[in-house]
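The values are calculated or read from the model by the stated rules, or taken from the named source; none is laboratory data. On a predicted model such as this, the values are computed, not experimentally measured, just so you know. Quick reminder, even Gly has a Cβ in these numbers, built from the backbone with ideal geometry, and neighbours come from all protein chains shown.
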Amino acid sequence: MSPLQLCLVLSSLLFCIGLVAVLSRGNAILVLLGVELMLNAANINFIAFWRYGPHPDAGTGVIFVLFSIAAAAAEAAVGLALVIAIYRHQQNIRLQEATRLKG
Amino acid sequence: MTFALILLSLLILGSAAVAMALRNLIYSALLLIGSWAGIAGFYLWAGAEFVAFAQILIYVGAISMVVLFAVLLTKQGHAPEPVEFNSVSRFITGLIAGGGVAGVLLGAILGMPLEVRTAGTTPTLTVKALGAQLMGPHTAALLVIGLLLTVSLLGAVVLASDERRDQPEDAP
Amino acid sequence: MNTAAGADAYLERVPLVLRDAIVQWFPAPTQWLVHHLITVGVILAVFGTFFAFTTIAERKLLGRLQNRLGPNRAGLPWWQKGPKLWGLTQPFADAVKALTKEDIVPAAADKLLHFLAPVLVVTFSLLTFAVLPFGRNLIPVDLDAALLYFFAAGSATELAIFMAGWASRNKYSLLAAMRALAQVISYELPLLLSVVPVVLIAGTLSTREIVVAQGFWTFGALPHWFVFTPWGAAGFVLFLVSALAESNRSPFDLPEAESELIAGHLTEYSGFKYALFFMAEYFGLTALSGLGVTLFLGGWQAPCAFLQFIPSYLWFMGKLIGMIVFFIWVRGTLLRLRIDQLTRLAWQFMVPLALVNIGNAAFWALTAGWTGPLQFVRWGVSIAIVVLPFVLIGRRLNAGRAPRTYQYAAS
């Protein structure tokens, strides 16, 4: 197995860990952390393809990861503010109970 | 080289998996920080120095703090989360979905003949070159991400702030 | 101009020559390891000793500032009638005391995290020393993104503060840890923003090249250190204030105010673990002072061209000691702030000023070609960009507030 394939296997497994967490955990904070893990897995792919790609001097992969990290920071800030707002309304952060708008 | 990569992968995957399975949120967050630091180690391994330090600075320094503050502000710190009645079925569903995705992805990766650049040397990208790229072809994206960060900061403050505003008791 | 003769002087090369001589004794396959181990060992030894003497210097200077003598009794062990050495062996006696004390861990505490927190905090505060250029040829790791590395390693200490507060299972520890975190995070922003102008002017993130960029003299006696420019002076002051707050020192030491609270997030720590936190605080202060010296005070550069015969590492240590003494002086002089004053100072005063200062540096970089009388215009405009926002924001923040009255102080 080549190093590139190893990197890709790492990132896909990380993505799946995040996916399982998002699907199966009810705690809003853990769901957010799962989404962060999935973003990180995507970043690993960008760096791996930059490292083993045909044009490493272009640096596009690195720049994409920088933007992605910034977007992840924004996502975490807004997401956790939402979690705190949910907590203020229903005194817990279980996503299954956040059904205020359900008819 | 490959050995270091395997060690890093085990660290990243192991701490992420255990973090997602634990019921104590503080432990989850701390283990996940270990996983993020491992990903920074992977970037260092791949030769992307700047991204590795940015990852540490933003994930370990900033996002982790926001997560830990959120855990404490929602009083999830000490008592482990209660087990819910339908959690087992949801867990099995999630596991099936995640395992399916993992199978598809792994099959695709292992079955694909990937062309690898034969030169084994780590590509070097100096900070100066990176800066020139950012301010050259990617200026528009840089402006957009700056705007996005500002808006999301304001949005987070508005969302999390309490409507019942108390007067500061003793202004200097 | 940075003469090549200075780089070749024997005194400059002594540390490297010594290291290479030791490395020669080892078989070739292990030489790289020995090479790095010696670097690490020397940093640990030098800054460990530096930490010990900083504590005694702080206690003695604070004593003088408060009109008392400070510790002056500790002499040599097993030699009661021997010389007293002005109490200089006090830190070693303190170390023995801390090591022999009982290590108390609260019954409810999270044992693992309670143990990990002091280890982490010392590790990460030591990691920051790796990119400081201590001399012309003495830089442990010459990274391209050195400044980013410094702040990345420094940001991990926040995690240790949280772990210490949470693992103690003491609500006062936890509250104090949250206050300490709020303070550290608030002041990280002005700290980073005050560093950006230097990066802008020097055009690099590498600490070695930033020092080299300051190695010029006008008339051989006026150094071109960044602190002697309008934006540099403003940036240096912002950096100093943020560094004080980052390292939890007076007047910003309210998370563990020793005369009001017990010890903040360190309440449940005793013996050697407490000593580790104490050590990490001083390492952090030393590293930030070293960074300030590197960025604004010319690093290892001599102040005058003809003083270059003194080895560069001595200049660095001299400037570092000057910074530390300044911090001790501030601690003995200023009053402690309240938490609301502290955060207001950071967000409403220092962050806007730091942002304006970046614009100032951009102006300075754009007008680099101005010569003759235009030089005076350049300096005038730059000084105005520093002074005007300072006055305006200060006025606005003080608007509607009567002058402070002190109830119990003699007028």
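Of the residues in region B:24-49, how many are in contact (Cβ under 8 Å) with a residue 60 or more places away in the chain and surrounded by fewer than 20 Cβ atoms within 10 Å (Cβ to Cβ)?
Within region B:24-49, residues that are in contact (Cβ under 8 Å) with a residue 60 or more places away in the chain and surrounded by fewer than 20 Cβ atoms within 10 Å (Cβ to Cβ) number 1.
Please enumerate the residues belonging to region C:237-259 that are in a loop (DSSP other than H, G, I, E, B) and touching a residue at least 24 places away in the same chain (Cβ under 8 Å).
Hits for region C:237-259 are C:Ser247, C:Asn248, C:Arg249, C:Ser250, C:Pro251, C:Phe252, C:Asp253, C:Ala257.
Starting from residues that are among the β-branched types (Val, Ile, Thr) and assigned to a helix (DSSP H, G or I), keep the ones in region C:100-155 and report whichever is farthest from C:Ala245 (Cα to Cα).
Checking each candidate, the answer is C:Thr100.
Checking B:Leu72 against (1) at pLDDT below 90; (2) closer than 20 Å to A:Ala74 by Cβ; (3) within 8 Å of chain C (Cβ to nearest Cβ), which test does it fail?
The number of the failed condition is (2).
Return only the number of the condition from (1) of a type in the set (A, V, I, L, M); (2) free of Cβ contacts under 8 Å to residues at least 60 places away in the same chain; (3) more than 7 Å from chain B (Cβ to nearest Cβ) that A:Ile47 does not satisfy.
Just one mismatch for A:Ile47, condition (3).
Could you say which residue among C:Ser186, C:Ser173 is within 14 Å of B:Leu72 (Cβ to Cβ), part of a helix (DSSP H, G or I) and either hydroxyl-bearing (Ser, Thr, Tyr) or more than 11 Å from every other protein chain (Cβ to nearest Cβ) (or both)?
On inspection, the qualifying residue turns out to be C:Ser173.
Residue-wise test of (1) more than 7 Å from chain B (Cβ to nearest Cβ); (2) out of contact with any Lys or Arg (no Cβ under 9 Å at 6 or more places or on another chain).
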| position | (1), (2) |
| --- | --- |
| A:Leu8 | no, yes |
| A:Gly26 | no, no |
| A:Asn43 | yes, yes |
| A:Pro54 | no, no |
| A:Gly61 | yes, no |
| A:Val65 | no, yes |
| A:Val78 | no, yes |
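Here are some residues: C:Leu200, C:Leu222, C:Leu238, C:Leu193. Which one is within 29 Å of C:Pro389 (Cβ to Cβ), of a type in the set (A, V, I, L, M, F, W, C) and in contact with a Pro (Cβ under 6 Å, 6 or more places away or on another chain)?
Result: C:Leu238 is the single residue among C:Leu200, C:Leu222, C:Leu238, C:Leu193 that is within 29 Å of C:Pro389 (Cβ to Cβ), of a type in the set (A, V, I, L, M, F, W, C) and in contact with a Pro (Cβ under 6 Å, 6 or more places away or on another chain).
All but one of (1) facing chain B (nearest Cβ under 7 Å); (2) at pLDDT below 90; (3) closer than 26 Å to B:Leu73 by Cβ hold for A:Asn92, so report the exception by its number.
(1)
Within region B:123-133, can one find any residue that is facing chain A (nearest Cβ under 7 Å), touching a helix residue (DSSP H, G or I) at 6+ places or on another chain (Cβ under 9 Å), modelled with pLDDT of 85 or more and surrounded by 11 or more Cβ atoms within 10 Å (Cβ to Cβ)?
Yes, some residue in region B:123-133 is facing chain A (nearest Cβ under 7 Å), touching a helix residue (DSSP H, G or I) at 6+ places or on another chain (Cβ under 9 Å), modelled with pLDDT of 85 or more and surrounded by 11 or more Cβ atoms within 10 Å (Cβ to Cβ).
Restricting to region B:25-49, what's the tally of residues that are out of contact with any helix residue (DSSP H, G or I) (no Cβ under 6 Å at 6 or more places or on another chain) and facing chain A (nearest Cβ under 7 Å)?
1
Could you check region C:96-105 and list, in sequence order, the residues that are within 13 Å of C:Ser270 (Cα to Cα) and surrounded by fewer than 16 Cβ atoms within 10 Å (Cβ to Cβ)?
C:Lys97, C:Leu99, C:Thr100, C:Lys101, C:Glu102, C:Asp103, C:Ile104
Look through region B:52-69, keep the residues that are facing another protein chain (nearest Cβ under 7 Å) and farther than 19 Å from B:Ile12 by Cβ, and return whichever of them is surrounded by the most Cβ atoms within 10 Å (Cβ to Cβ).
Checking each candidate, the answer is B:Leu68.
Out of A:Leu33, A:Leu39, I need the residue that is in a helix (DSSP H, G or I) and at the interface with chain B (Cβ under 8 Å from one of its Cβ atoms). Which one?
A:Leu33
Kindly indicate whether A:Val78 is more than 23 Å from B:Leu44 (Cβ to Cβ) and at pLDDT 85 or above.
Judged against the criteria, A:Val78 is a match.
Looking at this structure, is A:Ile44 in contact with a helix residue (DSSP H, G or I) (Cβ under 7 Å, 6 or more places away or on another chain) and either of a type in the set (Phe, Trp, Tyr) or more than 30 Å from B:Gly47 (Cα to Cα) (or both)?
In short, no.
Being closer than 19 Å to C:Val199 by Cα and hydroxyl-bearing (Ser, Thr, Tyr) is the filter; apply it to region C:333-392 and report the residue that is farthest from the chain's Cα centre (by Cα).
Top of the filtered list is C:Thr367.
Name the single residue that is modelled with the lowest pLDDT among those in region C:193-232 being part of a loop (DSSP other than H, G, I, E, B) and surrounded by 17 or more Cβ atoms within 10 Å (Cβ to Cβ).
Taking the candidates together, the pick is C:Gly215.
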